[in-house]
Amino acid sequence: MNIPLIIVILYVIMLLGISVVISIKSKKDGGEDFLLYKNKNSTMITAVTIAGVAIGGASTIGIAENAFSVGLSAGWYNVAWAFGAIIASFTIVKKLRKSGFSTVTKLIQSIYDEKAGVMMTIAMIIIQCTIIALQYIAGGSILSSLLPDVFDLKTATFFSFLIFMLVGFVGGMGSASVSNILNISLIYIGIITSAVLVLFNQGGWEAAKIMAESTPNVPYMSLTSGMGIPAIISWMIVMCGNTNSVQGAVQIGLTSKDDKSAVNGFRIGALLMIPIGFICAMLGIASKALIPNVAAAKALPMIIMSLPPVMAGLTLSGLWAADMSTACSMLIGCSTTVSHDVFFRTKAGNKFKDKSFMINKIIILVVGILTYILSSQLGTILSAMKVCLSMAIGTSIIVVAGLWCPKFSSKNAGFFTILSSVFAVVAWLEFSELHDMFKDIGYWMIVVSGITFVVISLLEKNKVIASDEENKIDNLNLARHK
């Protein structure tokens, strides 16, 4: 009897059950509620939802594998996510709720101009589609590594895509939110219990200490030396970009029942992100110490599957749950962008306004299929994730500056900043010399997009909003979108 597989199947059944219940409620409230789930969530559901977005494949398996070469400092990836969420709680969460808009694109278009809104839409779709596709790959890697007798990488990736997409397709943002109560609980139970068993029952802690002492050239037990301070700071810059402008993360603030729940939810969610990163890093170090001659991708799965079957199944489900929570939120976020900022702004879309519930489901289905096709073209999870997320630095600059520095920000700065971000990513991928100069893509992106925004804002006199008109515009926006 394959107990780990049975636990995964039970977990999937529970997820789909939650989705069906939420779907029935969302249909009664209308199609927009299906994607946005506005003003429904308590502080804690908001917290587990934003934590679920952060704790994905890169935040668990990716960190464990990265710890093979950089040690405990790999856990800073999750700290960077937490830092971004806390910054967002001060900068964007209440502002978006107050604006009356449902998407970041509409907010940007109201601040800057239509061409900035178009560029924002393109950036949101590129960033979110890449993240979703990477989660399918990560989910496939987890299942194929831990259940090799059941899945190979191809079938495991397809199974991950199918379930992730079904949860979003059936239940929308409501199921993505509520299911994170189960997901985060499972992640913590599985990973913490496994860490205790591996580190103390299987001798992982002692083996890790011996390995660290015998290989001083690799700072396995250092909190910062492996990654290095510059790389850690770069991750924080990248994640601030993500949490302050990417639709899949930002719209979680709209699901909260009030401003206080939204802000506190982001901050509590940030605290939930941090421990998992360092625990997974320690698991990675212990795996290398216990099975020194096995590749990083195989060592952790071998360690997990050596645990008692029930614990192995819970850990497997926890790792996969981490992946699913990120994929579903980003899938809903991307679908919201396509629905609100593309389809329903066309003449054809306007004809289907009264069928928004069905149309939004179709959009989720289409986005899911297209991102699955994209997943076959992507490479290493963590490196691809960082290049993708770095585009959000430019979008975040125009969001935060437009909201908080309207006297300085110029109308054309929005369009050209996002455009420069796209060219900067292409340049980074094409010219390896940039890697030597800037060491990390986060620094390259903030230099390019930051300089572009500042120079255009200095040269152009047409500012986004006059300070004495700001309150008037806010009130007009609220009235127009109620």
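Here, each number is a calculation from the coordinates, and none is a lab measurement. This structure is a prediction, so every number in the text was calculated from the model and none was measured. All Cβ positions, glycine included, derive from the backbone under ideal geometry; neighbour counts span all protein chains shown.
Quick check: pseudo-label points 7 Å beyond the Cα along Cα→Cβ at Leu271 and Leu162, how many nm apart are they?
Here the modelled spin labels are 4.1 nm apart.
How are the alpha carbon pair distances in the chain distributed across 20 Å bins from zero to the largest one, expressed in percent?
25, 57, 17, 1
Give the shape of region 179-250 as rounded, prolate or oblate, defined through the alpha-carbon gyration tensor: a ≥ b ≥ c are the square roots of its eigenvalues, a/c under 1.5 means rounded, and otherwise the shape is prolate if a/b is larger than b/c and oblate if not.
Because a/c hits 1.5 or more and a/b fails to exceed b/c, region 179-250 counts as oblate.
Given a cut-off of 21 Å, name the pairs among Lys40/Lys94; Lys154/Lys298; Lys257/Lys355; Lys40/Lys347 whose C-alpha atoms lie farther apart than that in the structure shown.
Lys257/Lys355; Lys40/Lys347
If you take the charge dipole of the chain about its Cα centre, with +1 on Lys and Arg Cβ and -1 on Asp and Glu Cβ, which of Ile332, Ala289, Phe101 is farthest toward its positive end?
Of the candidates, Phe101 comes out farthest on the positive side.
For the chain, with the dipole built from +1 on Lys and Arg beta-carbon atoms and -1 on Asp and Glu ones, taken about the Cα centre, which of Ser69, Ser420, Tyr443 lies farthest toward the positive end?
The residue sitting farthest along the positive end of the dipole is Ser420.
Counting alpha carbon pairs within less than 8 Å and at least 6 residues apart, what relative contact order, in whole percent, applies to region 165-287?
Relative contact order of region 165-287: 32 percent.
When all alpha-carbon pairs of region 55-188 are counted, what percent fall beyond 18 Å?
Result for the distance tail: 71 percent.
In whole Å, what three semi-axes, largest first, describe the equivalent ellipsoid of region 47-86 built from its Cα gyration tensor (square root of 5 times each eigenvalue)?
They are 20, 11, 5 Å, listed from largest to smallest.
Evaluate the Kirkwood expression for the hydrodynamic radius of region 1-88, namely the inverse of the mean inverse distance over all pairs of different C-alpha atoms, and round to one decimal in Å.
Evaluated on region 1-88, it is 16.1 Å.
With the cut-off at 1.5 for a/c, could you classify region 109-217 from its C-alpha gyration tensor as rounded, prolate or oblate?
Prolate is the answer for region 109-217, as a/c is 1.5 or above and a/b outweighs b/c.
Run the paramagnetic zone check for Phe352: 7 angstrom along Cα to Cβ, then residues of region 84-128 with backbone nitrogen under 19 Å.
Answer for this model: 125.
May I ask you to compute the full-extension gain from Lys94 to Asp113, defined as 0.36 nm times their residue separation minus their alpha-carbon distance, rounded to one decimal in nm?
4.7 nm
Restricting attention to region 195-275, which trypsin sites (Lys or Arg not before Pro) occupy a DSSP loop and are surrounded by at most 12 other Cβ atoms within 10 Å?
In loop regions of region 195-275 (DSSP not H, G, I, E or B), there are no sparsely surrounded trypsin sites (Lys or Arg not before Pro).
Explain nothing, just the number: dipole magnitude of the chain about its Cα centre with +1 on each Lys and Arg Cβ and -1 on each Asp and Glu Cβ, in debye rounded to the nearest 20.
1480
If a/c stays under 1.5 just call it rounded; otherwise compare a/b with b/c (prolate if a/b is bigger, oblate if not). Do that for region 186-227, with a ≥ b ≥ c from the square roots of the Cα gyration tensor eigenvalues.
oblate
Report the one residue of Asn201, Met173, Ile111 whose Cα lies farthest in the direction of the positive end of the charge dipole of region 87-226 (charges on C-beta: Lys and Arg +1, Asp and Glu -1; origin at the Cα centre).
So the residue furthest toward the plus end is Ile111.
What whole-number distance in Å separates the alpha-carbon centres of region 316-330 and region 384-445?
Taking the Cα centre of each part, region 316-330 and region 384-445 sit 28 Å apart.
Give me a comma-separated list of calculated 3J(HN,Hα) values for region 429-442, in order, Karplus coefficients 6.51, -1.76, 1.60 applied at θ = phi - 60°, integers in Hz, x for any Gly or Pro.
Result, rounded to whole Hz: 6, 8, 10, 5, 4, 5, 5, 6, 6, 10, 6, 8, 4, x.
Modelling each spin label as a point 7 Å along the Cα-to-Cβ direction, I'd like the Lys461/Val21 distance in nm, to one decimal.
6.2
Please give the charge dipole size of region 1-124, origin at the Cα centre, charges +1 on K and R Cβ atoms and -1 on D and E Cβ atoms. Round to the nearest 20 debye.
Dipole of region 1-124, to the nearest 20 debye: 500 debye.
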